[in-house]
Every structure is written in C-alpha cells, then in structure tokens.
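Engineer: Let me begin by handing over the structure; questions about it come next.
The values are calculated or read from the model by the stated rules, or taken from the named source; none is laboratory data. Model, not experiment: these values are computed from the prediction. Cβ: placed from backbone, ideal geometry, glycine included. Neighbour counts: every protein chain shown. Calculation scope for accessible area: heavy atoms of the full protein, side chains included, ligands and nucleic acids excluded. Shrake-Rupley method; radii C 1.70, N 1.55, O 1.52, S 1.80 Å.
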Amino acid sequence: QVQLSESGGGLVQPGGSLRLSCAASGSILSINDMSWYRQAPGKQREPVATITSGGTTNYLSSVNGRFTISRDNEKNTVYLLMNSLKPEDTAIYYCAADVTTTLWRSREVYWGQGNQVTVSS
C-alpha cells in the first residue's frame, strides 16, 4: 500500500505565507501527477494545483501567481508554497498522488489526511 503524509498547515495572517509538504511512501514503482486540493466549509473539494512527473504545472485561476507547486521525485514529495494568502484560501488542503505500485503495477490515486489552513487576522 501507499501512504501520503502531509505537514505544514496552520494559522496565518492575510498576506502571509505557508508551505505545505506531502511525502509518499510504501509500495511505489512510480508517481505520475501529484496534486493539491482544498475543501472549504460548505463547499465541494476543488483542485488547487497539479504537477506532472515531468514538471508541468497547472493552477486554479484564483491562486495563479500566488501559489507554487513543486516536487522532489527522489523524495516522492510534493510541496505547495502559498504566498499572499487571503481569508478565502481558508480550507482543509489535501494532497493526492497518482501512483503506480509495485503490486502488479496497479495504478491508483492516493490521498493525504488533510491539513487545515486558516487565514485570519
């Protein structure tokens, strides 16, 4: 099996910065896309940013230019650097990884446990 472990959330003032990390471990043969999603209270989960194995990135329009997704393929880790945070960025942030496992080369999307990010003065 594969586990995703997140860290880095917390409380920050508007205009501040946070960096989220998500490390994948377990029966990993390769990792394809890695992504960050978020879910605010009373809203559906939405994709925030995605990075392919080759490093191509894609962002939610409302975070483009403020958030940066990156990955370290040797460490099987994805990061989300969030700058110029706004109250509307408040949500639980989840990482997701599209993993090909060593178990019969099965492919599945795994999720992290979620990390609260609160932007408030």
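Engineer: Select from the stretch 25-55 the residues that are at positive phi and open to solvent by less than 60 Å² (accessible area, probe 1.4 Å) and write down the one among them that is farthest from the chain's Cα centre (by Cα). If you could, list the steps in order and put the result at the bottom.
Structural biologist: Initial filter on the stretch 25-55 (at positive phi): 26, 42, 55.
Within this subset, residues satisfying the condition of being open to solvent by less than 60 Å² (accessible area, probe 1.4 Å) are 26, 55.
Values: GLY26: 18, GLY55: 14 Å.
If we take residues in the stretch 25-55 being at positive phi and open to solvent by less than 60 Å² (accessible area, probe 1.4 Å), then GLY26 is farthest from the chain's Cα centre (by Cα).
Engineer: Could you grab the pairs with beta carbons closer than 8 Å, sequence gap of 6+ or different chains, first residue in the stretch 53-79 and closer than 19 Å to GLY8 by Cβ, second one open to solvent by 80 Å² or more (accessible area, probe 1.4 Å)?
Structural biologist: The qualifying pairs are TYR79/ARG19.
Engineer: For GLN3, all conditions in the list (1) outside any loop (DSSP other than H, G, I, E, B); (2) open to solvent by less than 60 Å² (accessible area, probe 1.4 Å) hold save one; what is the number of the exception?
Structural biologist: Tallying (1) outside any loop (DSSP other than H, G, I, E, B); (2) open to solvent by less than 60 Å² (accessible area, probe 1.4 Å), GLN3 fails exactly one: (2).
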